[in-house]
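Worksheet for the structure shown next.
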Amino acid sequence: MSKEREELKRQIRRLAKEKNAIILAHNYQVPEIQDIADLTGDSLALSIQASKTDADIIVFCGVHFMAEAASIVSPEKRVIIPVIGAGCDMADMLTAEQLRKLKASHPGVPVVTYVNSSAEVKAESDICCTSANAVQVVKWTRSGRVIMTPDRNLADWVRRHTRQEIIAWDGYCPYHDALTVEAVELARLSYPNAVIMAHPECPAAVIDMAHVVRSTSGMLEYAKKSDAEEFIVATEIGLLHTLNRQNPEKRFYPASSEMVCKNMKLIGLEQLRASLEREGPVVSVPEDIRIKAMKAVERMMSVPRD
C-alpha cells in the first residue's frame, strides 16, 4: 500500500480519536473502509452496538437508511454519513404515504417492515424485522394475515416458512433480484464442490438452488462453522472480503460478478476523512418519527429467537 494511503488511514484514526467517534462499516463496503472501521456487520446490529458505546459521534459507512437507524437508537449522538447521496433503491421503493394507503386497504392487518426502509416507513409499521429474523417476527404476530414491506423476495422466503397469508409490497434489491439461475448454474459448474449460500433478498428460483439461505451475518457464521472448503456466495460481493479475511483457509466465489451495489461503493477513505473533519453530513430523524420507529424496532428486539 502506498505511503499516501497509509497516511490517510493515520489521519482518519487520529480524527476519530480526537472527536470520540466510532466508525461503522456495513459488510458491503469497499475493503479499505471495512478494514479501518471499528465495527463491521449488518446495519441494525451495528447501530445497536454503537448505541452501547460512549462515542459522541457515529460515522456510518453505509447507505442513508442505515444512518437513520443509528439516529433512531442513539438520538443523543451525532450521526454522520460520509456521502449523503448514498441511498438504497429498495428503501426508496416505498414511501410512508404509500404504506398508509396499503394499510387502509387492509385494516387491522399488522405491518412487518424490513429494516432496509426509511425511518418514516418504520414509523408507520407495527414491527421491524431483519433478513435473519423475518420468519420469527411474522410468526410472532400470530396474525392470519401480515403485510410485509418493502422486499417481495424476503416476503416470499417468509411465506415458505409460515402458514400465514403474506401481503407483500412489490419492492426489491435490484442487485439481488437480478441474479439469475443461469449465473448461479455457471458458478456451480465452475465450482462443483462449493456450498451455495444465498441471501433471502434473492429471487425464489435462486433460493431453490441454494444449499443454505442466510443473512450476511448468517453467512459469516455458517462459513466459519462449516466443514466445507469452497463456497459460492449469492449476495453483494463486498461480503467476500470479510469471508476471506475470517477464513483464509477456505475459498469464496461470487455467484455473479455483477452483484455490486453502486451506492455501497461511494464511500472511500477520502470521503471518510472529510466527514470526520467537518463532522457531517449529519443524518437525524425528527423526534415524532423517531419515537414511532423506535417502537417498531423495540418490538422486534423483544421477539424470542428460535
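Taken over region 215-237, residues that are buried (at least 20 other Cβ atoms within 10 Å of the Cβ) and farther than 20 Å from L186 by Cα amount to 5.
Is it fair to say P254 is of a type outside the set (G, A, S) and either at pLDDT below 95 or in contact with a Ser or Thr (Cβ under 8 Å, 6 or more places away or on another chain) (or both)? Walk me through how you get there before you give the answer.
Working: of a type outside the set (G, A, S): yes; either at pLDDT below 95 or in contact with a Ser or Thr (Cβ under 8 Å, 6 or more places away or on another chain) (or both): no.
In short, no.
Tell me the strands (runs of 3 or more DSSP E) entirely within region 125-206 that contain at least 3 residues that are crowded, with 16+ Cβ neighbours inside 10 Å and in the same structural domain as Y222 (by TED's automatic domain parsing).
Result: 195-198.
Mind counting the residues in region 31-70 that are of a type in the set (S, T, Y) and under 13 Å from the mean Cα position of the chain (by Cα)?
Within region 31-70, the subset of a type in the set (S, T, Y) is 40, 43, 47, 51, 53.
Within this subset, residues satisfying the condition of being under 13 Å from the mean Cα position of the chain (by Cα) are 40, 43, 47.
Adding up the residues that qualify gives 3.
The values are calculated or read from the model by the stated rules, or taken from the named source; none is laboratory data. Everything quoted here is computed from the prediction, not taken from an experiment. When we count neighbours, we look across all protein chains shown, and the Cβ atoms used for this are built from the backbone with ideal geometry, even at glycine.
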